[in-house]
Amino acid sequence: MQTTQYLAEIMKELNRTIDAIADEEAEKLVSGILESKKIFVAGAGRSGFMAKSFVMRMVHMGLDAYVIGETVTPHFEKEDLLIIGSGSGETKSLVSIAEKAKVLEGTVAIATIFPQSTIGKLADFTIKLPGSPKDRSEDDYTTIQPMGSLFEQTLLLFYDAVILRFMEKKGLNSETMFGRHANLE
């Protein structure tokens, strides 16, 4: 198969993910963002890169949004929202972060393949995303892609869709967001 044929197959897989995501779960996340004082996002590995991308767009919208683990990340409080992206919902460092957020009486959300995971059970709300887990023994979603690629791509696109929905609700557009784009580059 040629590279562009692989790309076409990846796009078909991503298109199939749309029907597997519940609108009501997505809307809870949008509402959670709107109601929060600060938003913190976490993920490990490639899911962590998706988290950083999501936070960047929220900052462009003027939100107090932070990536967990950065040196400039402030303290977490009761009125804050923690969003975790984790295919398994079992990554030890992310479980610890979710547990700490609950102790601090904040709100926890997770986007995951497994809503019944450890983090899913800790979360105030979950968003089930399709994807193929690293442990193929529990795989019921087929993909040609390696490891967690389908989940990670779906996570990025889902986060971008959340941004668009938030922009709609707040009357924002790309021009207003560019006003908050980094300018010391």
**Q.** Dipole magnitude of the stretch 3-171 about its Cα centre (Cβ charges: Lys, Arg +1; Asp, Glu -1), debye to nearest 20
**A.** 320
Q) Over the stretch 3-171, what is the mean sequence separation of C-alpha contacts under 8 Å (at least six apart), divided by residue count, expressed as relative contact order in percent? A) 24
Q) Taking 0.36 nm per intervening residue step and subtracting the Cα-Cα distance, what contour gain separates K28 from F49 on full extension? A) 5.3 nm
Q | Candidate values (i) 9, 37, 35, 16, 2, 0; (ii) 9, 30, 23, 16, 10, 6, 4, 1, 0; (iii) 9, 31, 29, 19, 10, 3, 0, label of the one derived for P(r) over Cα pairs in 10 Å bins from 0, in percent | A | (i)
Q | Ranked list, fewest to most other Cβ atoms within 10 Å of each Cβ, for M11, M177 | A | M11, M177
Q: Provide the per-residue ³J(HN,Hα) series for the stretch 20-32, in order, calculated from phi with Karplus coefficients 6.51, -1.76, 1.60 and θ = phi - 60°, each as a whole number of Hz, with x at glycine and proline positions.
A: 8, 9, 7, 4, 5, 5, 5, 5, 4, 5, 4, 4, x
Q | Table column - 3J(HN,Hα) (Hz), the stretch 111-122, Karplus curve with 6.51, -1.76, 1.60, x for Gly and Pro | A | 9, 7, 6, 10, x, 8, 5, 4, 5, x, 6, 7
(Q) I need the calculated FRET efficiency for the pair R16 and L184, taking r as the beta carbon distance and R₀ as 35 Å, to the nearest 0.05. (A) 0.30
Q) What ranking do 113-124, 60-71 get when scored by the average of other Cβ atoms within 10 Å per residue, highest first? A) 113-124, 60-71
Q: Could you pull out every residue, at least 5 positions away or on a different chain, whose amide H is within less than 5 Å of the one on V108? Hs are placed 1.01 Å off N in the peptide plane, and Pro or chain starts have none.
A: L82, D124, F125
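The numbers here are math on the coordinates, done by the rules we state, and not lab data. Computed from a prediction, not measured in an experiment: that's the story for all the values here. Glycine also receives a Cβ, built like all others from the backbone with ideal geometry; neighbour counts cover every protein chain displayed.
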